[in-house]
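Below is one structure; the comments refer to it alone.
The values are calculated or read from the model by the stated rules, or taken from the named source; none is laboratory data. Here the structure is a predicted model, which means the values were calculated and not measured. Glycine also receives a Cβ, built like all others from the backbone with ideal geometry; neighbour counts cover every protein chain displayed.
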Amino acid sequence: MKEIDEFLTIFKYYKANKPKPSSQNVITVEDERHYDKVIRFALKQSDDARTQRLGLKKMEKWHVYTFQSHPGLYLIRNPFTSLGQRYWIRKCLEDYPRKPNRTNIDNEINLEDWWQACYVDGASDQTLIKKLRWTTLGYHHNWDTKVYSEDNQSALPRELAELTDVVALSLGYSTFKPQATIVNYYHMKSTLSAHTDHSEVNLEAPLFSFSFGQSAIFLIGGQDKSVTPTAILLQSGDIMVMSKESRLCYHAVPKILLASSSPWNEEVNHSLGEISASFKYINQPEELYSNMIKNTGDEWNRFKDYVKESRININVRQVLNESQNSLAGVVFNS
Ligand code: OGA
Ligand code: MN
């Protein structure tokens, strides 16, 4: 007997515009109506010295949630400062799509630097801006074969590795190694259909997923599509962690929604001292001030315009097993 694809039924329900889907069953973690589905807990760790420089609030201020029906799934509800959100949004647009990283555009046009190519003589090329759907860093995800390989990789940026490390440690994952990243760029009509992430050799390591910009309805079900998925609202700054039982569960994004607030645009009136402490990570120290000033002034406007109608998702994975140093000799099961 053919199994019923409950996942697809719910996916279509949230994707549709007519009738407009109800938000009644979409879990917003802080909403007390969902208190029976969500558990909030405090972190036991004392703060990590790196939080401030990575644009994160102190850990004592983080709100971490788990879900009754999805063991191993965590949501850290926007632990970023406003400037922190700007820093990561900017990285995803200005730095990460640059060569030698890969993007979906590579198959069509050979561009060294997509963001720069989007602005020629001060005018914006909206078609090119809209074209970017993904960037891969570290071991490049091969979208056709779904197989990672040793000779197909670029460096994982240090700040991204550090960010993931801080988040992993906060949840007690002390051996997590970030080795592959997909940055997804969504527009208001984009969707991501049901899938599991199983290309990694190591399927025990958790997967970290960061959201910035507009909001998304995220669906997570079970290990087959007959399980009715849960709908969760992901908002700018949220970090979703898929570990243990939920690591191999079907998930999808059927809908991008306009955010009810813009935490990346909140009033930025930090002192220069605070800014410099927060952003030691921006490449070289001499770039520090200029970078942050840029993110508080006009320079920020292009990025602000982009996220006004887009969502960015950074998905970080460990590829190798604890005992492996490389993929040499690894035979993949399909
Ligand atoms: C992925 C993914 C989810 C998201 O890239 O594999 O599931 O929230 N992304 O965009
Ligand atoms: Mn996924």
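Of the residues examined, I109 is not one that is farther than 23 Å from R158 by Cβ, out of contact with any Ser or Thr (no Cβ under 7 Å at 6 or more places or on another chain) and assigned to a helix (DSSP H, G or I).
Scanning the range 168-185 for residues that are aliphatic (A, V, I, L, M) and away from ligand 2 (no atom under 16 Å from the Cβ) gives A168, L169, L171. Within the range 231-247, residues that are farther than 12 Å from I76 by Cβ and of a type in the set (K, R) have Cβ atoms under 7 Å from residues that are away from ligand 1 (no atom under 13 Å from the Cβ) and modelled with pLDDT of 95 or more in these pairs: K244/P71; K244/G72; R247/G72; R247/P206, counting only partners at least 6 apart in sequence or on another chain. Which residues, taken from the range 112-129, are out of contact with any strand residue (DSSP E or B) (no Cβ under 9 Å at 6 or more places or on another chain) and not in a helix (DSSP H, G or I)? The answer is E112, D113, Y119, V120, D121, G122, A123, S124.
Of all residues in the range 127-144, those being surrounded by fewer than 17 Cβ atoms within 10 Å (Cβ to Cβ) and farther than 14 Å from R102 by Cβ number 2. Confirm whether P79 is within 28 Å of V319 (Cβ to Cβ), surrounded by fewer than 22 Cβ atoms within 10 Å (Cβ to Cβ) and more than 16 Å from ligand 1 (Cβ to nearest atom). No, not satisfied. Checked against the criterion of being of a type in the set (V, I, T), closer than 29 Å to V330 by Cα and without any contact (Cβ under 8 Å) to a residue 40 or more places away in the chain, the range 138-152 contains one or more residues that satisfy it.
Pairs are defined by a Cβ separation below 9 Å, a sequence spacing of at least 6 or placement on different chains, a first member in the range 201-222 that is more than 30 Å from A16 (Cα to Cα), and a second member that is at pLDDT 95 or above and within 10 Å of ligand 1 (Cβ to nearest atom); the pairs so defined are N202/R317; A205/R317; P206/M242; P206/R317. Here is the figure for the range 186-226: residues that are part of a strand (DSSP E or B) and within 15 Å of ligand 2 (Cβ to nearest atom) total 15. State whether the residues of the range 152-167 include one that is within 16 Å of ligand 2 (Cβ to nearest atom), modelled with pLDDT under 95, surrounded by 17 or more Cβ atoms within 10 Å (Cβ to Cβ) and farther than 29 Å from W62 by Cβ. Taking every residue of the range 152-167 in turn, none turns out to be within 16 Å of ligand 2 (Cβ to nearest atom), modelled with pLDDT under 95, surrounded by 17 or more Cβ atoms within 10 Å (Cβ to Cβ) and farther than 29 Å from W62 by Cβ. If you go through the range 39-97 and keep only what is polar (S, T, N, Q), under 14 Å from the mean Cα position of the chain (by Cα) and outside any loop (DSSP other than H, G, I, E, B), you end up with just Q85. Counting only residues that are crowded, with 16+ Cβ neighbours inside 10 Å and more than 14 Å from ligand 1 (Cβ to nearest atom), the range 170-201 holds 8 of them.
Does Y148 count as within 16 Å of ligand 2 (Cβ to nearest atom), of a type in the set (S, T, Y) and at pLDDT below 95? Spelling it out, Y148 is indeed within 16 Å of ligand 2 (Cβ to nearest atom), of a type in the set (S, T, Y) and at pLDDT below 95. The requirement of being crowded, with 20+ Cβ neighbours inside 10 Å and in contact (Cβ under 8 Å) with a residue 24 or more places away in the chain is satisfied by T51. Taking (1) more than 16 Å from the chain's Cα centre (by Cα); (2) closer than 30 Å to Q52 by Cα; (3) away from ligand 1 (no atom under 16 Å from the Cβ) in turn, A205 satisfies each apart from (3). Would you mind stating whether L207 is within 23 Å of L137 (Cα to Cα) and out of contact with any His (no Cβ under 7 Å at 6 or more places or on another chain)? Here the answer is yes, as L207 does meet what is asked.
Scanning the range 211-225 for residues that are of a type outside the set (D, E, K, R) and more than 9 Å from ligand 1 (Cβ to nearest atom) returns F212, G213, Q214, S215, I217, L219, I220, G221, G222, Q223.
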